[in-house]
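Encoded as structure tokens, the structure appears first; notes follow it.
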Amino acid sequence: MDPEGLALLLPPATLAALADSWLREDCPGPNHAALVTGAAPSQAVLWAKSPGVLAGRPFFDAIFAQVNCQVSWFLPEGSKLVPVARVAEVRGPAHCLLLGERVALNTLARCSGVASAAAAAVQAAREAGWAGHVAGTRKTTPGFRLVEKYGLLVGGAAAHRYDLGGLVMVKDNHVLAAGGVEKAVRGARQVADFALKVEVECSSLQEAVEAAEAGADLVLLDNFKPEELHPTAAALKARFPGVGVEASGGITLANLPQFCGPHIDVISLGMLTQAAPALDFSLKLFAEGTAPVCRAYRS
């Protein structure tokens, strides 16, 4: 999917509400620094100072729209960043531009970090000759899920469940509470009806078979070592070729190729959102009529 088109997934009202909440968190009271800068028309350049994938333009735009500033982009969403890159220009009243600066940079840096990790994971899977789905998880930052899920998509990964309503996931605690795999799946199938798929977390081939027999659409083989994962998935697929198999637990960018195999349909990594390092961006004001310079990298 073209990363540029992904912005259409983001409801404008939600973007505006998120931007407003982030700005209110950062400045809930008087902005004393505004008296230092004043309201004179100003301009600043957004510089990318670390390599990775650019992601989060709609959030950056929404934040500056809230403070009456305009953003002009030089690079499209999903671009590969080679430092030092001139990414965008922001114009508006000086006090407004600086009010939005840190919030916008934080959001863009985090979103781009998730997209970069996702792109690296997808690349590792493809280089291993595997064509399945690399996915994220619900291990996201509270209040920031939309940004992180969007970053996954820009990086080429699947977002997986956006929330609990996107899929009926029967985990080990659900099985324990229900009194067994069969009872848990039966209950899940009743609530899922025709609209939702049912996935069951399993820790053994026996549990996976029970789940498939009970009507699960997907089986999550959780925390399996690669040498155990592939024969288990092969045995399950031999009996239930229509059941999807997801591998998760303990998977990193370094060991991901070991989990790629012909009987694995999805590999999910919580680290794509939990451990992705933020990219380094900076926003630097410059005087009208002068050439913008990223001083930290001036030769």
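The values are calculated or read from the model by the stated rules, or taken from the named source; none is laboratory data. Since this is a predicted model, take the numbers as computed values, not measurements. Glycine gets a Cβ as well: all are built from the backbone with ideal geometry, and neighbour counts include every protein chain shown. In case anyone asks, the SASA skips ligands and DNA or RNA and just uses the protein heavy atoms, side chains included. Shrake-Rupley method; radii C 1.70, N 1.55, O 1.52, S 1.80 Å.
In this structure, ASN255 and ASP193 have a Cβ-Cβ separation that, at R0 = 35 Å, corresponds to a calculated FRET efficiency of about 0.40. Using a probe radius of 1.4 angstrom, the carbon and sulfur fraction of the accessible surface of region 126-273 is 55%. In the chain, Rg over Rh equals 1.08, where Rg is the alpha-carbon radius of gyration and Rh the Kirkwood radius from pairwise Cα distances.
Using the alpha-carbon atoms, what tilt in degrees (0 to 90, nearest 10) does helix 226-239 show relative to the longest principal axis of the chain? Approximately 60 degrees, to the nearest ten.
Averaged per residue, the chain has 48 square angstrom of accessible surface, using a 1.4 angstrom probe with ligands and nucleic acids left out. Scanning residues 5 or more positions from VAL53 or on other chains, those with amide H under 5 Å from its amide H are LEU81, SER116, with H placed 1.01 Å from N in the peptide plane. Our estimate of slack between THR14 and GLU213, defined as 0.36 nm per intervening residue step minus the Cα-Cα distance, is 67.6 nm. A convex hull fitted to the Cα coordinates of region 37-146 yields 106 cubic angstrom per residue. When the chain is treated as a Gaussian network with alpha carbon springs shorter than 10 Å, the biggest mean-square fluctuation among PRO257, PRO30, PRO51 belongs to PRO30.
Between region 185-224 and region 1-71, the alpha-carbon centres lie 42 Å apart.
Could you compute the net charge surrounding TYR162? Neighbours are other residues with a C-beta less than 11 Å from the C-beta of TYR162; K and R count +1, D and E count -1. In short, +2. Taking GLU210, GLU228, GLU288 as the candidate residues, the one with maximal mean-square fluctuation in a Gaussian network model of the chain, Cα springs under 10 Å, is GLU288.
In the chain, the DSSP-assigned H stretches of four residues or longer account for a calculated mean residue ellipticity at 222 nm of -12500 deg cm²/dmol, using -39500 (n - 2.57) per stretch and the full residue count as denominator.
Suppose every K and R has +1 on its Cβ and every D and E has -1 on its Cβ; what is the size of the dipole of the chain about the Cα centre, in Debye to the nearest 20?
720 debye
Pair-distance distribution of region 126-273: all C-alpha pairs, bin width 5 Å, starting at 0; shares per bin in whole percent are 2, 10, 19, 21, 21, 16, 9, 2, 0.
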